[in-house]
Amino acid sequence: MTSMTMVEIGAIERELRQLWSESAEKSPDGQAVIRALTLNLIACTHDAEHADRMTDAIQQLTASHPSRAILALLQPDAPEPRLDGFVQANCLLSRRGTPQVCGEQITLDARGSAVQQVASLILALLVPDLPVVLWLSHPDPFDAPLLARLRSVVDRVMVNSQAFAQPTKELVRMAELERTVSSGGLALHTFAISDLTWASLTAWRELTAQFFDTRPLLPHLRRIDHVTITYQAPNGANNPVAGLLLAGWLASCLAWVPLEDAVSIEAAQIRFHLRRPAVGVGTGAIRLVTIDLCPVEAGIGAMPGLLALHLEALDGITASFRVERAETPGYALTTATIAGMEPISRLARCEEPSLADLLAAELRLRHRDQTFSDALRVAGLLAARLGRDI
Amino acid sequence: MSDLPNPLRHGLRIGRTPEPCTVVIFGASGDLTSRKLVPALYNLAHERRLPGGFSVVGFARRPWDDAQFRQVLLDGVNANSRSGAVEAELWASFAEGIHYQPGNFDDPSAYARLVERLAELDLRRGTGGNRVFYLATPPEAYPDIIRQLGAHGLHQSPHGGWTRIIIEKPFGRDLASAQALNQQVLAVFAEPQVYRIDHYLGKETVQNIMVFRFANGIFEPLWDRRSVDHVQITVAENLGVEDRGGYYDHSGALRDMIQNHLMQLLALVAMEPPVSYDADAVRDEKVKVLRAVRRIRPEEVATYTVRGQYDAGSLSGRPLAGYRDERGVDPASQTETYVGLKLFVENWRWAGVPFYLRSGKALPRRVSEIAIQFKTVPTMLFAETPMHDIEPNVLAIKLQPDEGITLKFGSKVPGQPQIRPVTMDFRYGTSFGVASPEAYERLLLDCMLGDSTLFTRRDEVEASWSLITPIHQGWLASPAQSFPNYEAGSWGPNSADEFMARDGRTWRRL
Ligand SMILES: NC(=O)c1ccc[n+]([C@@H]2O[C@H](COP(=O)([O-])OP(=O)(O)OC[C@H]3O[C@@H](n4cnc5c(N)ncnc54)[C@H](OP(=O)(O)O)[C@@H]3O)[C@@H](O)[C@H]2O)c1
């Protein structure tokens, strides 16, 4: 159930109260309506179309994270200054006989110079004593004035690195910001950073990690000396961010250190060299790892995204661990091949998560995601080595 | 063993997969396998919780081949999986690891073939000698299977892998048979290899009892004889015995439900905080509770127990035959289908607080809950006012069907000089919006990961039987004159209400 009413801006709270008492009266079969708020979610965009997608995601999120959502649609370039507000309840369809759970959404539509009023309005509308999450759906989120205005009250900032206007440059900035906030360097109050692209890598990380839950395969992990990450680059748009994050994750878990200037780009393929802890002894000990990021023009589906992750130990007994999208959409095939043994493969679900799934996964975190922080640090180093956007 | 230092697993948001292993199911052509076990395994695969190489070997009498077995399981999963219809590709990949081994439980040559089969799987699917033996058979078959496993060296793994055995309920019929079975099992396996299943412990809400108690500071100070008036534990089923009459008539509600499920619930609400969340620490505390329960002697059954048997009636709008008319049931059966008990946990925390347990078949609703009823306040304050009618606070932990927690307290009716009880309601489903995994999923995974926290230890089973067996003996010595004594679809016999009325209490209306 969703109802939308145009209101005077100052009357939002009153309007919300009215909305709730109406929905209690109108609820089917006199069922109880539970207004459940678990967080303040401030969603911000410049793009009206994107605002609709955000609203959809917020509604789907009601199941797991009913919230007071404040959607700010900011169009500073509009000629006339104007500020409108709407309220709506986001309710889950409930089974008969069970109460309906609802969250609420306030949409602020600000144009022209009125955009500057939005931050103060948001501050007044936050529900006290609940976490505050700021979801910035900008191509350059770290320049958003709203971030500067709200950073003292925000607990988590959510961005999507895949959608950055200048992916590698913004990734470097994100890594720097993460370093500052995680060291508490900003001020008394710090926030955590969430990246929806990172969240979309969970299934890939899980399938990769699972190879090495097996005792006999674990020793090969230290021997990995070659990594290939293949991703889609539809229409020549080579955005290596997801691959960089995945590479950063592997490197940070395995203590691989990127070498200075050791990056080469050949026909859109990027190769990094890293140093890893020694395996074996003496001068023959192999200490180098290469990571290749390979964009592929035509892949499965039209979405940008990862196609395959391949870990290999080529020196000595060859071992290969591969996770790749299966031909049937929504699945991945994993294969472990150790020289002299039968390859072991399995098919596993690996669906493209929806926007709401990604948000929910990040909102489930109560604290900083240290794994992300570590992965981002290395991904930032790798991105800085690239030096420019490709 | 289960704590691999896998550096990629650090901080991952998802669960671990067990090592590749083979689950050998004895009784694989039976009901439990296709209705619960394999749907649970398939769901684990669906959630990416099973490793590549994971394999199943089904062992039973009928002369199926792999293909027939896979088809039966596929039908079973389609009908019973919580994740809906089977995804064809995923099933194909999962089913590659499924095999069938025909044989009789007492035939040594069948085990010799099993040994070869397992060795071949270790090589081909990389299962590394890791095995789970699942006894999903009639309990009479347990000793044979265990002996044969031992005789063929299957109680331990080659290649440094692990071997575990899961034993279904019922674990014994009384104290003596449970002890005998424990001896048979432990003559072949070591206790840490043994996983006695009580699927109640696999339910998310049951696990949550401990979390609720020990992760929230506000209730624990009230959790004792000073504040609690009594505790009621109810597990009600809205079904008759269906086609299990033959089995049930030799068991009854006391042994089928109370001995395992309700005693586990009792232990979880009454236990002291364990020193850690580790299998033995938790089970140590549960055993202490069971040992502290005052034993009801056979001659005391009339005081502390009440039993019933259902007669014809109607359940959920449909007629139901009386218990004695069910197939497989003795027409003069003395088996109880309803039990009420009053137990005392004699320790410092609980001395004097009665724990009322009840469980029955053919009751109006399927509902399980634990209710802690607190003592009423001294009502002096409101005694002279129309607000003297104060009800006690009740904290109810609901296990099914709608899992959640409710707290009842008194509140003034606005504008009127009256106090009315209101409830605060918390439901898992609506608060977390995710479906809970089935109990068998959790338990199978825990066993493969080597975590036995949610399984019953030897001393637990025996402690529980030592409470149950004297009650049963008391009943045998004084057969129920009035059976059948409650109508199917009612809340049990009148004597159950009288039983509570004697203490000035009533059963909760559920
Ligand atoms: N079903 C449930 O929902 C449920 C719930 C909780 C606990 N349990 C427990 O789980 C166990 C199994 O229950 P179930 O309902 O699956 O039983 P079931 O349907 O009767 O199946 C018994 C299985 O054992 C096999 N079997 C019996 N004697 C055999 C022999 N001598 N040699 C080889 N195979 C033999 C049967 O094989 P063939 O048919 O091929 O001969 C069949 O596969 C029981 O201990 C029961 O108490 C069951």
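Things worth noting here:
- Projecting the Cα positions of B:L41, B:F94, B:A151 onto the charge dipole of segment B:14-173 (unit charges on Cβ atoms of Lys, Arg, Asp and Glu, taken about the Cα centre) puts B:L41 furthest along the positive direction.
- Accessible-area order (highest first, 1.4 angstrom probe) of the listed residues B:R244, A:R179, A:R349: A:R179, B:R244, A:R349
- Dipole magnitude of chain B about its Cα centre (Cβ charges: Lys, Arg +1; Asp, Glu -1), debye to nearest 20: 760
- Where the Cα pairs of segment B:238-279 fall when distances are cut into 5 Å bins, in %: 5, 18, 18, 18, 12, 9, 8, 9, 2
- Segment A:199-386, dipole about Cα centre (Lys/Arg Cβ +1, Asp/Glu Cβ -1), debye to the nearest 20: 560
- Partner chain coverage, peptide B:81-88 - average Cβ within 10 angstrom: 1
- Cα Rg over Rh - segment B:7-168, Kirkwood: 0.96
- Taken over segment B:28-89, the convex hull of the Cα atoms encloses 85 Å³ per residue.
- Sequence-distant aspartates and glutamates (8 or more away, or on other chains) whose Cα lies within less than 13 Å of B:K398: B:E204, B:E369, B:D425
- Long-range HN-HN contacts of A:Y331 with modeled amide H, under 5 Å: A:A326, A:C350
- Ellipsoid equivalent to segment B:237-362 - semi-axes via the Cα gyration tensor, in Å: 33, 16, 12
- For B:S316 and B:H152, a Förster radius of 56 Å and the Cβ-Cβ distance give a FRET efficiency of 0.70, rounded to the nearest 0.05.
- Derived scalar couplings between HN and Hα for segment B:437-445 equal x, 5, 4, 5, 4, 4, 5, 5, 5 Hz in order, rounded to whole Hz, by the Karplus curve 6.51 cos²θ - 1.76 cosθ + 1.60 (θ = phi - 60°), x for Gly and Pro.
- Cα centroid separation, segment A:249-271 to segment A:303-329 (Å): 17
- With the simple model of a label 7 Å out from the Cα in the direction of the Cβ, B:R297 to A:A255 spans 6.8 nm.
- Isotropic mean projected area of the C-alpha convex hull, segment A:199-386 (nm²): 11.8
- Other protein chain Cβ atoms within 10 Å, averaged over every residue that makes up A:244-253: 1
- The residue list A:A313, A:I70, A:G380 was ranked by how far each Cα lies along the charge dipole of chain A toward its positive end, using unit charges on Cβ atoms, and A:A313 comes out on top.
- Database remark: amide H of A:L288 closer than 5 angstrom to the amide H of A:R276 (H placed geometrically; neighbours at sequence offset of 5 or more, or on other chains; Pro and chain starts carry no H).
- Probe 1.4 Å, protein heavy atoms only - accessible area per residue of segment B:7-168 in square angstrom: 36
- Every helix of 4 or more DSSP H residues in chain B counts as -39500 (n - 2.57), and over all residues that averages to -9500 deg cm²/dmol at 222 nm.
- Computed accessible area, B:K375, all protein chains, 1.4 angstrom probe, square angstrom: 90
- Calculated mean residue ellipticity, 222 nm, chain A: -9000 deg cm²/dmol, from DSSP H runs (n ≥ 4) at -39500 (n - 2.57) each, averaged per residue and rounded to 500.
- Per-residue 3J(HN,Hα) values for segment A:326-340, derived from phi via the Karplus relation 6.51 cos²θ - 1.76 cosθ + 1.60 with θ = phi - 60°, read 7, 5, 6, x, x, 10, 10, 10, 10, 9, 10, 10, 10, 3, x Hz in sequence order (x marks Gly and Pro).
- Per-residue HN-Hα couplings for segment A:43-53 [Karplus 6.51, -1.76, 1.60; θ = phi - 60°; Hz; x = Gly/Pro]: 10, 10, 8, 9, 10, 4, 5, 5, 4, 5, 5
- Reference-scaled alpha-carbon Rg (2.2 N^0.38 Å with N residues) for chain B: 1.04
- Estimated FRET transfer efficiency when R0 is 51 angstrom, pair B:W348-A:R271 (beta carbons, to 0.05): 0.15
- A crude spin-label estimate for the pair B:R13 and B:D31, with each label 7 Å from Cα along the Cβ direction, gives 4.2 nm.
- Each 5 Å bin from zero holds the following percent of Cα-Cα pairs in segment B:94-250: 1, 7, 12, 15, 14, 13, 11, 10, 8, 4, 3, 2, 0.
- Amide H contacts under 5 Å for A:A43: A:I70, A:L71, A:A72, A:W135, restricted to partners 5 or more places along the chain or on a different chain, H placed in the peptide plane at 1.01 Å from N.
- Placing +1 on the Cβ of every Lys and Arg and -1 on the Cβ of every Asp and Glu, with nothing else charged, gives chain A a dipole about its Cα centre of roughly 1080 debye.
- Cβ crowding within 10 Å averaged over residues, with B:497-508, B:193-204, A:48-59 ranked highest first: B:193-204, A:48-59, B:497-508
- Projecting the Cα atoms of A:L333, A:G103, A:A124 onto the dipole axis of chain A, where Lys and Arg carry +1 and Asp and Glu carry -1 at the beta carbon, places A:L333 farthest toward the positive end.
- Potential lengthening of the chain between B:R365 and B:Q71 amounts to 102.3 nm, from the contour at 0.36 nm per residue minus the alpha-carbon distance.
- Using C-alpha pairs below 8 Å separated by at least 6 residues, the relative contact order for segment A:120-187 is 31 percent.
- Three principal axis extents describe the C-alpha atoms of segment B:78-141; from largest down they are 39, 32, 18 Å.
- When its C-alpha radius of gyration is set against 2.2 N^0.38 Å (N residues), chain A gives a value of 1.12.
- Listed residue pairs exceeding 23 Å between alpha carbons, taken from B:K36/B:K169; B:K203/B:K375; B:K342/B:K375: B:K203/B:K375
- Spacing of the two label points (7 Å from each Cα toward its C-beta) at B:A187 and B:R509, in nm: 5.6
- Across segment A:170-281, Cα-Cα distances exceeding 18 Å account for 63% of all pairs.
- Each 10 Å bin from zero up to the one holding the largest Cα-Cα distance in the protein assembly as shown carries the following percent of pairs: 2, 10, 17, 20, 20, 16, 10, 4, 1, 0.
The values are calculated or read from the model by the stated rules, or taken from the named source; none is laboratory data. Small disclaimer: the values here were computed from a predicted structure and weren't measured. No Cβ is skipped: glycine too gets one built from the backbone with ideal geometry, and neighbour counts run over all protein chains shown. Heads up: the accessible areas ignore ligands, DNA and RNA and are worked out on the full protein's heavy atoms, side chains in. Shrake-Rupley method; radii C 1.70, N 1.55, O 1.52, S 1.80 Å.
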